[in-house]
Structure formats: C-alpha cells, structure tokens
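So the structure is just underneath, and the comments pick up after that.
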Amino acid sequence: MTNIITDQESAVSEMISKNKWGTFFGISQKTLDTVWGNLTKEDPNSVAYVTMEIGADLDVFHPVQKKLQDLQITSSTNSTFDHYTKLFLHGPEKIPNYGGGLGILAGDTLKSLAEMKIPTVGVSLLYRKGYFSQLVDATLGQICTATDWSPENTPTLYLMRDPENPTIPLEIKVPFFDEYDNRTEACARIWLKLEINHTLDYFTPEILLDYDIPSSPAWIQEAAQHLYESRTDQHKIIQRRLLGAGVIPALNALGMQVSTIHLNEQHGVVAILHLIVSQLQEKLGSEYHLIASDEDIMNAAEAVAANVVYTIHTPVKAGHDRFDKAMYKHFGHTFCGRILHLLAIDDEQDHVYNFTSLAMRVNRATNSVSRLHRGVTKKQFPQFSQKISAITNGVHHLSWISEAKADLYNSFEELQNWQDNPSVFTNCKRLISKPKFRFYFKRAWYEDTKALINYVNAMLVTHRNTSLATWIDPPNYLSYQDLHYKSLLSPDAYTIGFARRFSTYKRADLIFSKLDQLARIIVETNSPINFIFAGKAHPADEPGKQLIKQILSIQEELFTKTNGLGKIVFIPNYDMKIAKLMVAGVHAWLNSPKRPLEASGTSGMKAAMNGVPNISIMDGWWAEGYHDGLTGWKFGMETDVEEACLSESKSTLLYEEDAASLYNVLPEILQAFYDDEQETYIDKCLKNIELNIPIFNTHRMAAEYVDRYNLKLSPATQKHISSLQKAYNSDQVE
Ligand SMILES: *Cc1c(COP(=O)(O)O)cnc(C)c1O
C-alpha cells in the first residue's frame, strides 16, 4: 500500500515544472523546456495565433484531471502538490473567454496543434466579467449579467511573474495616443493558459492579456472587462487595440519569437501596424515618422505581409470592423493614421477605416472557412480573389465525442488509434453492417439521450422551485405544468436540437414559422417530438433577443395544438458543456441559416462526430458534409450565390420558401425514426462516423493550416501531418 502511494506521489511530482516566469502543473520539466525552447528560438519557426476569444472549458476536455483520476489520486498529504491536485480535481471548469463559434474554433484549433506538436502560442485577452451570463425570464426574455469567475482559482491558468522580481506579476505596457499624440500607457498582466495534449507531453500556451488592473487608466480597465464590449464605438476601438497592440510586447516579455502571425478574423489586425512601424524604424531610424514616404510604408507592409496568415470567418457585415477616422484619432498615433489611410481603405465610405481591408491587404495567405464561403469571399473581395483559398473548419474530436461514444469507438479494433488519427474512422465502413456495432451504437446513443433529457427535466423542476427566490419567471411553459411523466420530456420521443448564437440570419424560429403546419405534421405522425433550443443573443442585438422571446412565446400553442405531443424547451446560458450534452444526446441537429451567410458552422460537426445526423440548409460545412443524403437531410434554396443573397434584412430572409421545404422533409424524417427497425435512420448515423469525422476535425484542419505556415518540421511531425493532410483537400475545386 505504502509503495503504491509512493508511486502515485512520484508520478504527480513529475507533473510539476518551473521556469523563470512561473510554476506549472500537468506537464513534466522536459515538456515545458521543449515547448519553451521551440518558441524562443533565435531563428523562429513558430506561430502566434491571434484571436479575440478562446473557448476551451475544462468540463469538455481536461486531460490533467483524467490523469489524476487514472492514478486514483483523490487527495494528497504532500503539501507541495496538494494545492494542485485539489484544484485540478475539484476546481472551476469554466473559462468564460468566449462568445460563440469563433472562440470555440480557436480553442479546438490550439488543442489540435498541441496534439500535433506544432510550435504555436495563442494570444488573446482575459475578460474579468466574461462575455455575459444569460438568465431567461418568461416575459422579459434574455437578461444579461456579468459572469462571476476567478482566474486566480482556475486550473491551467497561471499569472506570469517578473523574472527580475519574482514576487510581483510581470506587466507589459501598450501605448495609446490622443489626437495631439500625447502618450498614455495601458498596462497588462499576462496569464498563461496551457492547452495540454491528451498524452500530457506537449502543450500550446495561450497568452491572455489582463488590462483590468490598477496600473491601467480607468477607461482602459472598463473597455477590457467584457468580451465584445460594444457600448460605444470607442470601447470597440480600444478593445481591438488592446489585443492587436499587445501581441508583440507580450511575446517579447516572455522571450518568444514567431515566424508567422495568424489572424483569426481581423480583430487583432493592429498587430500589423506595429510590425510595419518596426520595419520602418529599422530602415529609417527613430525619426521614421517624420521622413517615411508612402512608398516606404507600402514596402514595409509588403515585407510584413510575408509573415501574416489571415482567416476570414463570415460574410456578415457585423463581423467586420469599420471605425470612424475622426474617432480613431483619439486612440492611435498620427503616423498610425497614415498607415491606415493607405491600407485600411473602405470601398463605400470615405470617412471610415476598414480593418478587414487592412487584413486582406497585408498577408501572404487568406483563407475562408468552407468551399462555399470561398466563393462568397471571392465575390466580396474580387481584387484579392487570387489569394483566397478554402480551409474548411473542424472541431476537436477529443473534446466533442461523448464518453459513451468514446467507449463505443474504443471497443472496435477497426477504429484503433482514433484519438491520434481521426482519419481511421473511414474504417467504420466495415462496421456499419455488423449487428454488434449497430447494437452498441444504439445503446451508447440512448445513454447520451438519457443524460440530456434528465438534465432538461431536472432544470424544469429547478426553474419552478427557484422562481420565488430569484424573481425570474421560468422561461419554459412546461415548468408551470404539473411536473409528472406526461409533461416532462421522454428520451424515447424524437428530439431535435438547435443551439447557436441568436443572430437573425440563423433563423432560430424558422421551424416554428408556420405553427399550424408543423402541428399538423406532428399530429399526423401521432408521436411525441421534443425541440430543445439554447443560445445567447449579443446584449446589443435587439432583433436577436426578440427571437428568443418569440420561441418562448409559442411553447404553449404548439403543446396545445399537438395535444401535448410537441414540446419546446429553452436551456438558458448556453456553454460548451450544454453543447456537448445536446450534440450527443439529440436525434437530429437542426441548422436553418439563410444561405450563404453561415460561412461554416461547427455545432453540426460536433453532432456528426457522435453519429447524430443533421437536418440542414445547404450552407457552410454541410454543403461538403451532406454526401447526397447519406449522412442526413437537406432543405431550402440552393440557387447560385449572388451579391443579392448577402442581404440580412428580414424581408430577404426567405422564411416562406425555406420553411415550406423543411415541412416537406420532416414527415419522412419522423417516419424513419419511428420505424420499428430504424434501419435507414441508423444508416445515416453511422455514415456520419465513416464520412464526416475523418474530414471535419481540427487535426485535419490544423494540418492544412500548417501547410500555409511554412514551418520546418521534424520528419516525425511531418509524417503525422501528411497522413492527416491526405484525408481531405478543402481547397479542391469541385
Ligand atoms: C460549437 C459552439 C458554438 C458554435 O456553433 P455554430 O454551429 O458554429 O453556430 C457556439 N457556442 C457554443 C457553446 C458551442 O459549443
């Protein structure tokens, strides 16, 4: 017994490592030294991935906790690591630094880069009040509150120390200028989050800049607290600068050097201004701002472009920053205005800087996030058409495959090594007809469905019980009913899931837009059907918030018109954990955006990894993942994409046409599910595993990015990557 404890404890003590900036847990000294060594090379061969948000909650992927559990560590008497084992076993699991798909994609990407051992550092901001927490009230709809969390107590987050004076935190300074070029300094502390791979022998560090500290001016602190703070355009300008202008000082403070800057969307594009200024300084000396000609600036931009890779994520206008030139003067140096004047040109409005246009101009590669989106982006930016390619998004399969499905995949040797190489799922071809595989799949799925339905039912009861204490009226009609088996949800009822940001173009209410028609389909099928919805609307997005109210307001009507067969439930405060429960537990994932505004979409890929078919508009990734009906259903218009299709105004959202088409396919889907044998339904599920997991994962996606990064890789890494690259070529022309 004593011996076992000693072994366990020595295993844990090997998980502690140190350097002059901090002490870390979960990785060995050797791993820390390797990763740091890769990122601090004189002749850099690494990437800084710059992103406004990162979603990587520990409750969907936490390899260090799993290791401790495997070692059967429950508590410890050794004071040197007692702190860590407690924190990693029982500490908070939410890191609310994301708003939606963009952040989760960033987190999934950085996790896959860690698995593939590609030297990368993420750079983002730390938001002390998160994005926002969502309460939902029956009459008020969405209520936004600040998210209460503590980075100090969050596992895998470390505050970097000043190597000169280890008792105090390291701080960097980022300059701001007023219209007379008077300088003010924003100060930030550096938090390092470690995205550790599942074998605990590599990690991707993420630099999270925390400007909400006493040494920063109050107006900086205020702009830094909430992700996508948008009270005024000034707040937005400041927040974008905090990210972009912080990149180089933060890397320098940690001794890091990179050969490529990858902009995940244009939010951090101010980093490019800094690189251009450095170039000019080097060439013209400290008086550069007085003597540089336009030609000098353009030449410097060309040199900087060789080090930048840019991913554009959406054709939707709100996703692209435009700032009033006069307003920008209050934050950036006059010389910065000169660069912007030359490079951040807006084709429509003379008085604004267009940051997408800046990012488009200064890079060596631009990619869109699906094949369809490539075509749309080329139409939107015809002058850059030549350099726009497609790298279709993916999701981190190790985060999104449920435990029950992982157990299933583990028990078939055809799928061996799926953790490291998701391409092996093509072997599922040989399993699809095997009764044993089909049986185990159904059993795992039922387990996932029960987990989701139990969660929802418990929530309905809790909402009712806490309404008096909180003054929040339960958002769900069912919470007001006598809560017994008839009004609660059943795991045997057909369950459709829909969860995403509530933006109008995503048309969350499309399936309910002709309620009588939907009710008739349900009554004719004479079988129960659950609609589980979740998602947040940005606090300033009134039409988005209206959509949430709209869904709440029709719950009773659908229930009544279908004699209690049709139940709609809204789960408040959507996050990664709820997403994982939903994508694995539902029977189909509904995706009803207006084509072609959903550049990719990723939640449907998470469903596919769990063998859950999509019912979707032919937009974004689904145009590639649909496989002529083998993996699910399509509906809606499929006309060629023209400029006119990009309109987001309500009257052009094609509700009539696309809802009619959805109601057309729905009876066939219900029939397939309620058929005794479910053969055709299960075939579609298993085809997702065979055809879609090998493609729509971030290992494959990251392997395609590595190609754009031009890194010199070791033969072993190169081999791993090329096997993933062979799985798919996003940029293929169909
Ligand atoms: C996956 C995910 C998203 C993005 O979903 P889309 O389909 O791309 O809109 C947003 N929020 C959470 C919590 C997610 O897990």
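The values are calculated or read from the model by the stated rules, or taken from the named source; none is laboratory data. Not measured: the values here are computed from a predicted model. Neighbour counts run over all protein chains shown; Cβ positions are idealised from the backbone, glycine included. Accessible surface areas use protein heavy atoms only, side chains included; no ligands, DNA or RNA. Shrake-Rupley method; radii C 1.70, N 1.55, O 1.52, S 1.80 Å.
Using helices alone, I'd like the mean residue ellipticity at 222 nm for the chain: each DSSP H run of four-plus residues gives -39500 (n - 2.57), total over residue count, nearest 500. Show your work: numbers first, answer last.
On the way: 28 runs with 297 residues, N = 734.
Counting only the DSSP helices, I get -12000 deg cm²/dmol.
For the pair residue 86 and residue 466, what calculated FRET efficiency results from E = 1/(1 + (r/R0)^6), where r is the Cβ-Cβ distance and R0 = 30 Å, to the nearest 0.05? It would help to have the intermediate numbers written out before the result.
Numbers: r = 29 Å, r/R0 = 0.97.
E(calc), rounded to 0.05, equals 0.55.
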- Item | Coarse-grained scattering of the chain at q = 0.06, 0.08, 0.10, 0.12 Å⁻¹, given as base-10 log I(q)/I(0) from a Debye sum over alpha-carbon atoms | -0.35, -0.64, -1.03, -1.48
- Debye, to nearest 20: dipole size of the stretch 608-734, +1 on Lys, Arg Cβ, -1 on Asp, Glu Cβ: 1020 debye
- Message: If I fit a long axis through the Cα atoms of helix 515-525 and take the longest principal axis of the Cα atoms of the chain, what angle between them do I get, 0 to 90°, rounded to 10?
- Response: 50 degrees
- Message: Per residue, how large is the accessible surface of the stretch 1-150? Use a 1.4 angstrom probe and give square angstrom.
- Response: 40 Å²
- Hey, if you put +1 on the Cβ of every Lys and Arg and -1 on every Asp and Glu Cβ in the chain, which of 244, 548, 396 ends up farthest toward the positive end of that dipole? 396
- Task: Scan around residue 136 for amide H atoms under 5 Å from its own, H built in the peptide plane at 1.01 Å from N, and keep only partners 5 or more places away or cross-chain.
- Result: 143
- Farthest towards the positive end of the dipole of the chain, among 107, 616, 11 and with Cβ unit charges of +1 on Lys and Arg and -1 on Asp and Glu, lies the Cα of 11
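Excluding ligands, DNA and RNA, what is the solvent-accessible area per residue of the stretch 442-498 at a probe of 1.4 Å, expressed in Å²? Don't jump to the answer; show the numbers that get you there.
Numbers: 2940 Å² over 57 residues.
I get 52 Å² per residue for this part.
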- Virtual spin-label span in nm between residue 550 and residue 167, 7 Å along Cα→Cβ: 6.0 nm
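Can you tell me the equivalent ellipsoid semi-axes for the stretch 474-698? Use √(5λ) from the Cα gyration tensor, largest first, whole Å.
Details: eigenvalues 120, 99, 61 Å².
The equivalent ellipsoid of the stretch 474-698 has semi-axes of 24, 22, 17 Å.
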- Note on the structure: Checked the stretch 439-578 against the a/c 1.5 cut and the a/b vs b/c comparison, axes a ≥ b ≥ c from its Cα gyration tensor; verdict rounded
- Query: Short version: ³J(HN,Hα) in whole Hz for each residue of the stretch 306-312, in order, from phi by Karplus 6.51 cos²θ - 1.76 cosθ + 1.60 (θ = phi - 60°), x for Gly and Pro, what are they?
  - Reply: 5, 10, 10, 10, 10, 10, 9
- Per residue of the stretch 6-19, in order, report the coupling 6.51 cos²θ - 1.76 cosθ + 1.60 (Karplus, θ = phi - 60°) as ³J(HN,Hα) in whole Hz, putting x for Gly and Pro. 4, 4, 4, 5, 6, 4, 5, 5, 6, 8, 9, 9, 9, 9
- Candidates per GluC sites (Glu not before Pro) in the stretch 42-93, loop by DSSP, up to 13 other Cβ within 10 Å: 42
- Under 29 Å Cα to Cα from residue 719, which lysines show up? Leave out anything in the same chain fewer than 8 places away. 30, 41, 66, 67, 111, 117, 193, 387, 405, 429, 606, 687
- Task: In whole angstrom, note down how far apart the Cα centers of the stretch 507-577 and the stretch 216-272 are.
- Result: 38 Å
- Which length gain, in nm to one decimal place, applies between residue 442 and residue 198 when the Cα-Cα distance is subtracted from 0.36 nm times their residue separation? 85.1 nm
- Message: Between the stretch 139-186 and the stretch 595-648, what is the separation of their alpha carbon centroids in Å?
- Response: 38 Å
- Candidate cut points under GluC sites (Glu not before Pro) in the stretch 253-331, DSSP loop plus at most 16 other Cβ atoms within 10 Å of their own Cβ, are 287
- Message: In the stretch 175-238, if the dipole is taken from +1 on Lys/Arg beta carbons and -1 on Asp/Glu beta carbons about the Cα centre, which of 200, 223, 182 is farthest to the positive end?
- Response: 200
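What does the charge dipole of the stretch 456-521 about its Cα centre add up to, to the nearest 20 debye, if the Cβ of each Lys and Arg holds +1 and the Cβ of each Asp and Glu holds -1? Present the calculation step by step, with values, prior to reporting the outcome.
On the way: 8 positive and 5 negative charges, 68 e Å.
For this selection, approximately 320 debye.
Taking the stretch 399-480, which chymotrypsin sites (Phe, Trp or Tyr not before Pro) meet the DSSP loop condition and have no more than 14 other C-beta atoms within 10 Å? Write out the running numbers ahead of the final one.
Values: sites: 400, 409, 412, 418, 425, 437, 439, 440, 441, 445, 446, 455, 471, 477, 480; in loops: 412, 418, 471.
Sites meeting the loop and neighbour criteria: 471.
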- Residue by residue, what Karplus-based ³J(HN,Hα) values in Hz, rounded to whole numbers, does the stretch 548-558 have, using 6.51, -1.76 and 1.60 with θ = phi - 60° and x for Gly and Pro? 4, 4, 4, 5, 5, 6, 9, 4, 5, 4, 5
- Message: How high is the relative contact order of the stretch 162-247? Use alpha-carbon pairs under 8 Å, at least six apart in sequence, and give a whole percent.
- Response: 20 percent
- Query: Fully extended, how many nm does the chain gain between residue 185 and residue 143 (0.36 nm per residue separation, minus their Cα-Cα distance)?
  - Reply: 11.6 nm
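Given that compact globular proteins tend to follow 2.2 N^0.38 Å, what is the ratio of the alpha-carbon Rg of the stretch 336-471 to that value? Spell out each step's value before the answer.
Numbers: Rg = 24.9 Å, N = 136, 2.2 N^0.38 = 14.2 Å.
Taking the Cα Rg and dividing by 2.2 N^0.38 Å, one obtains 1.75.
For the chain, which longest stretch is free of loop sites, where a loop site is one of the trypsin sites (Lys or Arg not before Pro) that DSSP puts outside H, G, I, E and B and that has at most 14 other Cβ atoms within 10 Å?
Details: sites that count: 20, 41, 231, 486, 712, 726.
For trypsin sites (Lys or Arg not before Pro) (loop position, at most 14 other Cβ atoms within 10 Å), the longest site-free span of the chain is 232-485.
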- Note on the structure: With every protein chain kept in place and a 1.4 Å probe, the stretch 586-682 has an accessible area per residue in Å² of 35 Å²
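Tell me the carbon and sulfur percent of the accessible area for the chain, rounded to whole percent, probe radius 1.4 Å.
Working: 14480 of 28550 Å².
Here it works out to 51 percent.
Between residue 28 and residue 230, what is 0.36 nm times their sequence separation minus the Cα-Cα distance? Round to one decimal in nm. Let's see the in-between values first.
Numbers: separation 202, 0.36 × 202 = 72.72 nm, distance 4.16 nm.
Computed gain between residue 28 and residue 230 is 68.6 nm.
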- With label points set 7 Å from each Cα along the Cα-to-Cβ direction at residue 717 and residue 560, the distance between them in nm comes to 6.3 nm
- Query: Modelled label-to-label distance, residue 59 and residue 657, 7 Å Cα→beta-carbon offset: nm?
  - Reply: 4.1 nm
- Message: If the only charges are +1 at each Lys and Arg Cβ and -1 at each Asp and Glu Cβ, what is the size of the charge dipole of the chain around the Cα centre, to the nearest 20 debye?
- Response: 740 debye
- Message: Check which residues have an amide H placed less than 5 Å from residue 365's amide H, if you skip close sequence neighbours.
- Response: 310
